[in-house]
Amino acid sequence: MQDEAKEQFIQRVNSVLPNFPDEVISQWVFRHNADFIKKFTHLNIEDWTFNLTEMSTEEIEKIELFKVTKARCLEAGKNILTNPDAKESFLGKYMLEFGTFPSPIVVFKDFYDQNDFTGESFLLPLHLAEGHRRWSFLMTMAAFRLKHFTNLQDNHKVYLVEF
């Protein structure tokens, strides 16, 4: 896979998972391939449907994450305030300029009786599947919107995944 061009990879994955949007394949399956395989292929991914929608910042703040992951993400999200590397990264620059994600996060919706690869149940009704860094930056921007991030958008694109 390392030598395979992204476009070829997307075509190959799309041939077996036509339900996955190209953007999701690019952002999630291609960029995090080993992690994706380890954490999600035990699920019936061929039955997933992806619905591109918009959610308000307030709705996104209610998305669930596993407790330890959420604490780690919220702490890491503060880097957009103080860390020059985070602020100058592609993601940091984009989110600071446009007040939203460069590509939608992926959120499981109503994943009842579904467990992650460790056996822990996904949280309901909405559980963040992909886009943890984007989500963490947005949470920091939302927390400090009046003081530092006045250009934060009201709505953001999200892929809701159902099965």
Within the stretch 29-49, residues surrounded by fewer than 16 Cβ atoms within 10 Å (Cβ to Cβ) and either touching a residue at least 60 places away in the same chain (Cβ under 8 Å) or of a type in the set (Gly, Ala, Ser) (or both) come out as His32, Ala34, Lys38, Lys39, His42, Asn44, Asp47, Thr49
Would you confirm whether or not the stretch 68-77 contains a residue that is out of contact with any Lys or Arg (no Cβ under 9 Å at 6 or more places or on another chain) and small (Gly, Ala, Ser)? yes
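Yes or no, residue by residue, for (1) closer than 24 Å to Leu91 by Cβ; (2) of a type outside the set (A, V, I, L, M, F, W, C); (3) out of contact with any strand residue (DSSP E or B) (no Cβ under 7 Å at 6 or more places or on another chain):
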{"position": "Leu123", "(1), (2), (3)": "no, no, no"}
{"position": "His132", "(1), (2), (3)": "yes, yes, yes"}
{"position": "Thr140", "(1), (2), (3)": "yes, yes, yes"}
{"position": "Arg145", "(1), (2), (3)": "yes, yes, yes"}
{"position": "His156", "(1), (2), (3)": "yes, yes, no"}
{"position": "Leu160", "(1), (2), (3)": "yes, no, no"}
Just name the residue that is farthest from Gly131 (Cα to Cα) out of those in the stretch 1-28 that are open to solvent by 70 Å² or more (accessible area, probe 1.4 Å) and assigned to a loop (DSSP other than H, G, I, E, B). Asp3
Of a type in the set (A, V, I, L, M, F, W, C), in contact (Cβ under 8 Å) with a residue 40 or more places away in the chain and farther than 20 Å from Glu23 by Cβ - does that describe any residue in the stretch 54-72? yes
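The values are calculated or read from the model by the stated rules, or taken from the named source; none is laboratory data. It should be emphasised that the depicted structure is a prediction, and the values quoted were computed from it without experimental measurement. Cβ atoms come from the backbone with ideal geometry, glycine included; neighbour counts cover every protein chain shown. Ligands, DNA and RNA are stripped out before the accessible areas are found, and what is left, the full protein with its side chains, is counted by its heavy atoms. Shrake-Rupley method; radii C 1.70, N 1.55, O 1.52, S 1.80 Å.
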